[in-house]
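The values are calculated or read from the model by the stated rules, or taken from the named source; none is laboratory data. Bear in mind the structure is a predicted one, so any value in this text is a computation, not a measurement. Methodologically, a virtual Cβ is constructed for each residue, glycine included, from the backbone with ideal geometry; neighbour enumeration extends over all protein chains shown.
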Amino acid sequence: MALLSGCASTRLVDTQVNSFAPQVVAAGASYQFERLPSQLVDPVGQAKLEKLAEQALAKVGLKRQNGATLSVQVNAVQRQEYSYNPSGVNIGWGLGWAVGHGSIGISNRGPLFPGLGERPIYWRQVSLIIRNAAGSVVFESHASHEGVWADSDAILAAMLDAALKSFPTPPSGVRRVNIEIPR
């Protein structure tokens, strides 16, 4: 039983990542965040995203400091959609009647009860752009993930870790990066 509970204690955030590193960033370099005008609309949400990015950047050896020579721009886009699950493996409701060994019931599958078999799907994308003092891009990374978990902070943190995987010299092309996080 302990083996089963160990498996259930983590979940996998599978992220599609595409990174570009036209210049190598020095280890231990410092940075400050740069905000676009559109990011000033929600300063609380942007500050929360920057805090998650700061933790991910620290894991690759970068440190936040005012007056730094590098600037980091971080952005996240999130969308929630609903998807019908035809497998019938949903928690829902039912009406049933059982006599002896048989039963008659109504389930939440199919067009008879629209909306009951739907489940939310969350699509997210994060982008990190790092520029040097001259304004040239030295690192760019985009990561996207689609899943059923609603806890954005934990998922976005994992996605930022994935976006920085193999920093400062990531492989070219789109790749899948898996990050395990606690349930």
**Message:** Going residue by residue through the stretch 150-170, is there one that turns out to be more than 18 Å from A58 (Cα to Cα) and at pLDDT 95 or above?
**Reply:** no
**Item:** Hey, R131 of a type outside the set (S, T, Y) and more than 16 Å from V72 (Cα to Cα) or not
**Value:** no
**Fill in**
In the stretch 135-169, residues that are of a type in the set (D, E, K, R) and in a strand (DSSP E or B) total 2
**Prompt:** Within the stretch 27-46, which residues are free of Cβ contacts under 8 Å to residues at least 40 places away in the same chain and surrounded by 13 or more Cβ atoms within 10 Å (Cβ to Cβ)?
**Reply:** R35, Q39, Q46
**Item:** Tally, over the stretch 12-71, of residues that are over 22 Å from the mean Cα position of the chain (by Cα) and in a loop (DSSP other than H, G, I, E, B)
**Value:** 13
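Quick grid of which residues meet (1) surrounded by fewer than 19 Cβ atoms within 10 Å (Cβ to Cβ); (2) more than 9 Å from the chain's Cα centre (by Cα):
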{"site": "A133", "(1), (2)": "yes, yes"}
{"site": "A143", "(1), (2)": "no, no"}
{"site": "D151", "(1), (2)": "yes, yes"}
{"site": "L160", "(1), (2)": "no, no"}
{"site": "L164", "(1), (2)": "no, yes"}
{"site": "T169", "(1), (2)": "yes, yes"}
{"site": "R175", "(1), (2)": "yes, yes"}
{"site": "E180", "(1), (2)": "yes, yes"}
**Request:** Of the conditions (1) surrounded by 15 or more Cβ atoms within 10 Å (Cβ to Cβ); (2) of a type outside the set (S, T, Y); (3) modelled with pLDDT of 95 or more, A58 clears all except one; give me its number.
**Result:** (1)
